[in-house]
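The values are calculated or read from the model by the stated rules, or taken from the named source; none is laboratory data. These figures come from a predicted structure and were not determined experimentally. FYI the Cβ positions are ideal-geometry reconstructions off the backbone, even for glycines, and counts take in every protein chain you see. We work out accessible area using only protein heavy atoms, side chains counted, and drop any ligands, DNA or RNA first. Shrake-Rupley method; radii C 1.70, N 1.55, O 1.52, S 1.80 Å.
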Amino acid sequence: MGYTIKQTLRIEMGHRTWTQNMLTSRGSHFYDGSAVVDKCANIHGHTLFASVTLEGDTLDDQYFLMDTDLLGGAFRPILDDLDHAFVIDRSDPLFPQLEPVLKTSNLKYHAVDFSPTFEALVRYLHDRLQRTLDEPGLKHGLRIKEMKLLGEQTVEATYSAPAHGSTD
């Protein structure tokens, strides 16, 4: 049996999910007309909590899987990119108009290659942090067991990577 350690970090960010259309999305048969069809296509923000659970088979010589302060340090560059930033998809039809405004106004933004839904963001966070943990010289046999993104205390997106050796 292995060990796990979990840490949760707070992120304040803005975005717009320009691909949203409740009339055509999965579950559209539940749409009753009470919500704006593409409300999340508006620019808006969230307080998010990114929760990462690391797993490994052994503890280090100090009896840690990984100290949470050090885990926070591994996560810091990712948080620095996203915290208090506007996250925008480079494929967003408004990107060519918004990027110059963001740049000339010296506003913080982070461009990605996907519509920044909670589900896509949690996968992005997972993959970036796992790449950091896998960097040469940092290999400790640690794996991300689960990454969660909790928004507004009411929405939680989770990504669990396929088991080692599995293909996805």
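How many residues does the stretch 4-40 hold that are in a strand (DSSP E or B), hydrophobic (A, V, I, L, M, F, W, C) and open to solvent by 30 Å² or more (accessible area, probe 1.4 Å)? Don't jump to the end; show me each part of the working.
Quick first cut of the stretch 4-40, residues in a strand (DSSP E or B) only: 4-15.
This time we only want the ones that are hydrophobic (A, V, I, L, M, F, W, C), so: 5, 9, 11, 13.
When the remaining residues are screened for being open to solvent by 30 Å² or more (accessible area, probe 1.4 Å), the result is 5.
Count: 1.
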Inset, instruction - Scan the stretch 75-94 for residues that are open to solvent by 10 Å² or more (accessible area, probe 1.4 Å), under 19 Å from THR132 (Cα atoms) and in contact (Cβ under 8 Å) with a residue 60 or more places away in the chain and jot them down. - result: ASP83
Legend entry - Qualifying positions in the stretch 82-99 - outside any strand (DSSP E or B) and of a type in the set (A, V, I, L, M): LEU82, LEU94, LEU98
Inset, instruction - Output the residues belonging to the stretch 39-63 that are out of contact with any strand residue (DSSP E or B) (no Cβ under 8 Å at 6 or more places or on another chain) and in contact (Cβ under 8 Å) with a residue 12 or more places away in the chain. - result: LYS39, CYS40, ALA41, ASN42, ASP60
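Limited to the stretch 120-134, what total is found for residues that are outside any helix (DSSP H, G or I) and of a type in the set (A, V, I, L, M, F, W, C)?
Here is the first cut: in the stretch 120-134, the ones outside any helix (DSSP H, G or I) are 134.
Narrowing the set further to residues that are of a type in the set (A, V, I, L, M, F, W, C) leaves none.
Count: 0.
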Legend entry - Flag for ILE43 being closer than 19 Å to ALA74 by Cβ and open to solvent by 50 Å² or more (accessible area, probe 1.4 Å): no
Legend entry - Selection from the stretch 46-74 of residues that are open to solvent by 30 Å² or more (accessible area, probe 1.4 Å) and within 30 Å of PHE95 (Cβ to Cβ): HIS46, THR47, PHE49
Legend entry - Residue match in the stretch 100-117 (condition: part of a helix (DSSP H, G or I), touching a residue at least 12 places away in the same chain (Cβ under 8 Å) and open to solvent by 50 Å² or more (accessible area, probe 1.4 Å)): no
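Restricting attention to the stretch 120-168, and to residues there that are of a type in the set (Gly, Ala, Ser), surrounded by 10 or more Cβ atoms within 10 Å (Cβ to Cβ) and more than 21 Å from TRP18 (Cα to Cα), which single residue is modelled with the lowest pLDDT? So that I can check it myself, show each step before the final result.
Residues of the stretch 120-168 of a type in the set (Gly, Ala, Ser): 120, 137, 141, 151, 157, 160-161, 163, 165-166.
From what's left, surrounded by 10 or more Cβ atoms within 10 Å (Cβ to Cβ): 120, 141, 151, 157, 160-161.
Then drop every residue that is not more than 21 Å from TRP18 (Cα to Cα), which leaves 141, 160-161.
On the way: GLY141: 76, SER160: 87, ALA161: 84.
Checking each candidate, the answer is GLY141.
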Inset, instruction - Of the numbered conditions (1) touching a Leu at 6+ places or on another chain (Cβ under 7 Å); (2) β-branched (Val, Ile, Thr); (3) over 15 Å from ARG143 (Cβ atoms); (4) in a strand (DSSP E or B), VAL52 fails exactly one; give the number of that condition. - result: (3)
